[in-house]
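Peer 1: Sharing a structure with you now.
The values are calculated or read from the model by the stated rules, or taken from the named source; none is laboratory data. Keep in mind it's a predicted model, so treat the numbers as computed, not measured. As a convention, Cβ positions derive from the backbone with ideal geometry for all residues, glycine included, and neighbour counts pool all protein chains shown.
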Amino acid sequence: MLAGIGSGLAALSSCLLMLGFLALKIHSLLAGRTDPCGCFGAYLQTSPGWGIAIDVGFLGAGLTILWGLGRRAGRRGRGAVLLILATALLSLAFAIASPRLPLDPLVTRLAVGKSLEELGLGGRVPGQGRRLVALLDLADPKTVEIAARLEALASERGAPAVVALTSSSDEEKASFVWSANPAFAIVKLDRAVLKPLYRGLPRYFLLEGERVIALFDGAPPNASDLLSLRSL
Amino acid sequence: MKPAPATVAFLMLLSSALLASPADASDLICHPDYDWSVEVDGAYPQGACFYKGEGTKKWFIDIPAYKDGLLLDLEGRRVLAVPRGRVNQAGDGSGSLMVKDNIPPGGSAFAFSVEGPVLQFQTEESKVRILPVLQRPPITGSTTIGELETDRPEYREGIKAYVPDAPSIAVLSKYSKPVEIEAYFATWCGHCKQYMPKFLRVVKDAKNPKIKLDLFGLPKNFAQAQGPWSGKNVTSVPTIIVKIEGREITRMGSHEGAVPETELAGILQAVK
């Protein structure tokens, strides 16, 4: 459809596909299945009603294209092939570069100014006042070194307490505890709770009370950086 | 000769400083950590618990049958016996303990060893292992919420901690058709450990005699082993089959982030 090749067939197939999805979803809903479809992973949990509304929207888009085709001839020939190639190349480049692109504010929920409640962490981060929260993968061997750096940071005068959040398994947590020997608390949470907060681990955020006041990716922040931050 | 008032005051201060317990400054706050099991000679004594010392590399192990508590000092690479008199409840209702960890010299101390996720040591009385709860021998076959609460602290505390959505519970409480729920789960499954306590709390809170729960623990090789799960297309855990008036209606989606009470209420409302 993007290249304008076989637009009619593509639009018709899409519309039929959407009708199929709609029929299945309505059938499931009538049979009492109310769990989200999971189409958008952990980022968006849709209710069945919303799932149907989204599909109706897609169906409408497909019908609009079918209607529009009668009024405008599609693009054909070499230009279309070039367009497909360019789109494919751009998509590939984007996929490769995306881990390094500054997309976190767009694709994760974690942002300065948000409250723990808004992040789905209400009541799950122990302690009060200023805390540095580390999102960690305990199975990653580098995390042992990170833990040592976090402890050194926490021991600085006036530095915030450290709390680690992880969705690693109990076994991974056990091995980590015996090898890294951390003094800070490790809180285990569902992956579904944590995943919307990061693209890559480790990631850190500074809390003032219940609100995020700073974010750090990659290496743990320095104590001086943390101490120089003012509350919002 | 009468001593000078300044001398008296000095002596009083000195004696109070000498008599006062210095332990207050060394109180270690320990919070229960239900991700671990305490195994004693191959058994799992009721009430035995592993505690994380707040802001330290020390852990406390409470085995009710032992005359002393045990302080695991990871940095010191040893386990120290702590007289019970040095251990008090924190008093905040959280189950946390206050341990005076300035233990006088001369007490019992034990060396420990670590093998992967398991830490173990030998006391005068028995062999103690600290291991992740999922590594405990599983519960297999028919069980009940009460049995789970007694035997598995991670389930008991998970059930206690979960607060279900009140309107959904109201729907479940009032449902009038007979509902039979068959729940197949595994105590070795991390996802079950997260999800099942929430689900069980929902069933408990519904307090509806029309909703009958049959709970079955599965072994690790359940696909090959025979049991109540056989022939029911149970391919993963947890599998929760909802039957209304004897007919299977659906299987609950126990995926991460699932909210059991709203899902179950939705199912029951759809089949009125």
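Peer 1: Out of everything in the stretch A:154-189 that is more than 10 Å from every other protein chain (Cβ to nearest Cβ), in contact with a strand residue (DSSP E or B) (Cβ under 7 Å, 6 or more places away or on another chain) and farther than 18 Å from B:HIS191 by Cα, what residue ends up being surrounded by the most Cβ atoms within 10 Å (Cβ to Cβ)?
Peer 2: In this case the residue turns out to be A:ALA164.
Peer 1: Here's another thing I want to ask about it. Go through the stretch A:190-211 and report how many residues are facing chain B (nearest Cβ under 9 Å) and either in a helix (DSSP H, G or I) or touching a residue at least 24 places away in the same chain (Cβ under 8 Å) (or both). Working first, answer last.
Peer 2: Our first condition is that a residue be facing chain B (nearest Cβ under 9 Å); within the stretch A:190-211, this holds for A:190-193, A:195.
Right, trim to either in a helix (DSSP H, G or I) or touching a residue at least 24 places away in the same chain (Cβ under 8 Å) (or both) and you get A:191-193, A:195.
Total meeting the criteria: 4.
Peer 1: Testing B:ARG129 on (1) within 14 Å of chain A (Cβ to nearest Cβ); (2) among the charged types (D, E, K, R); (3) within 15 Å of B:ALA48 (Cβ to Cβ); (4) assigned to a loop (DSSP other than H, G, I, E, B), one condition comes back false. Which one is that?
Peer 2: (4)
Peer 1: For the stretch B:34-49, give me the residue count where each residue is closer than 16 Å to B:SER126 by Cβ and within 12 Å of chain A (Cβ to nearest Cβ). Step through it out loud before you land on a result.
Peer 2: Filtering the stretch B:34-49 down to residues closer than 16 Å to B:SER126 by Cβ leaves B:37-48.
This time we only want the ones that are within 12 Å of chain A (Cβ to nearest Cβ), so: B:37.
Residues meeting the conditions: 1.
Peer 1: Is there a residue in the stretch B:158-170 that is in a strand (DSSP E or B) and under 30 Å from B:CYS49 (Cβ atoms)? So that I can check it myself, show each step before the final result.
Peer 2: The first filter runs over the stretch B:158-170 and keeps only residues in a strand (DSSP E or B), leaving none.
No, every residue in the stretch B:158-170 fails to be in a strand (DSSP E or B) and under 30 Å from B:CYS49 (Cβ atoms).
Peer 1: Considering each of B:GLY227, B:GLY231, B:GLY253, B:GLY257 in turn, give the residue that is out of contact with any Asp or Glu (no Cβ under 6 Å at 6 or more places or on another chain), at the interface with chain A (Cβ under 10 Å from one of its Cβ atoms) and part of a loop (DSSP other than H, G, I, E, B).
Peer 2: Details: B:GLY227 fails: at the interface with chain A (Cβ under 10 Å from one of its Cβ atoms); B:GLY231 fails: at the interface with chain A (Cβ under 10 Å from one of its Cβ atoms); B:GLY253 fails: out of contact with any Asp or Glu (no Cβ under 6 Å at 6 or more places or on another chain).
Among B:GLY227, B:GLY231, B:GLY253, B:GLY257, only B:GLY257 is out of contact with any Asp or Glu (no Cβ under 6 Å at 6 or more places or on another chain), at the interface with chain A (Cβ under 10 Å from one of its Cβ atoms) and part of a loop (DSSP other than H, G, I, E, B).
Peer 1: Among the candidates B:ARG84, B:ARG77, which residue alone is out of contact with any Leu (no Cβ under 9 Å at 6 or more places or on another chain) and more than 14 Å from chain A (Cβ to nearest Cβ)?
Peer 2: On the way: B:ARG77 fails: more than 14 Å from chain A (Cβ to nearest Cβ).
Among B:ARG84, B:ARG77, only B:ARG84 is out of contact with any Leu (no Cβ under 9 Å at 6 or more places or on another chain) and more than 14 Å from chain A (Cβ to nearest Cβ).
Peer 1: Being in contact with a Lys or Arg (Cβ under 6 Å, 6 or more places away or on another chain), under 28 Å from A:ALA180 (Cβ atoms) and within 14 Å of chain A (Cβ to nearest Cβ) is true for just one of B:GLN120, B:GLN135. Which residue is that? Quick ask: steps written out before the conclusion?
Peer 2: On the way: B:GLN135 fails: in contact with a Lys or Arg (Cβ under 6 Å, 6 or more places away or on another chain).
Unique residue meeting the criteria: B:GLN120.
Peer 1: Identify, from the list A:ARG149, A:ARG157, the residue that is under 19 Å from A:ASP225 (Cα atoms) and in a helix (DSSP H, G or I).
Peer 2: On the way: A:ARG157 fails: in a helix (DSSP H, G or I).
Answer to the check: A:ARG149.
Peer 1: Still on this model: I need the full set of residues from the stretch B:239-256 which are under 24 Å from B:GLN194 (Cα atoms) and among the basic types (Lys, Arg), in order please.
Peer 2: The answer is B:LYS243, B:ARG251.
Peer 1: Also, I was wondering about something else. I'm told A:MET1 meets every condition in (1) assigned to a helix (DSSP H, G or I); (2) aliphatic (A, V, I, L, M); (3) modelled with pLDDT under 80 except one. Can you identify the failing condition by its number?
Peer 2: Of (1) assigned to a helix (DSSP H, G or I); (2) aliphatic (A, V, I, L, M); (3) modelled with pLDDT under 80, only one is false for A:MET1: (1).
Peer 1: Now, a different point. Considering only residues that are farther than 24 Å from B:ASP33 by Cα and exposed (fewer than 13 other Cβ atoms within 10 Å of the Cβ), which ones fall in the stretch A:111-132?
Peer 2: Listed by number, the list holds a single entry, A:GLY113.
Peer 1: May I ask you to say which residue of A:LEU83, A:LEU136, A:LEU150 is of a type outside the set (Gly, Ala, Ser) and within 14 Å of chain B (Cβ to nearest Cβ)? Spell out how you get there, then give the answer.
Peer 2: On the way: A:LEU83 fails: within 14 Å of chain B (Cβ to nearest Cβ); A:LEU136 fails: within 14 Å of chain B (Cβ to nearest Cβ).
Being of a type outside the set (Gly, Ala, Ser) and within 14 Å of chain B (Cβ to nearest Cβ) holds for just one of A:LEU83, A:LEU136, A:LEU150, which is A:LEU150.
Peer 1: Mind counting the residues in the stretch B:195-219 that are within 14 Å of another protein chain (Cβ to nearest Cβ) and either in a strand (DSSP E or B) or out of contact with any Lys or Arg (no Cβ under 9 Å at 6 or more places or on another chain) (or both)?
Peer 2: 4
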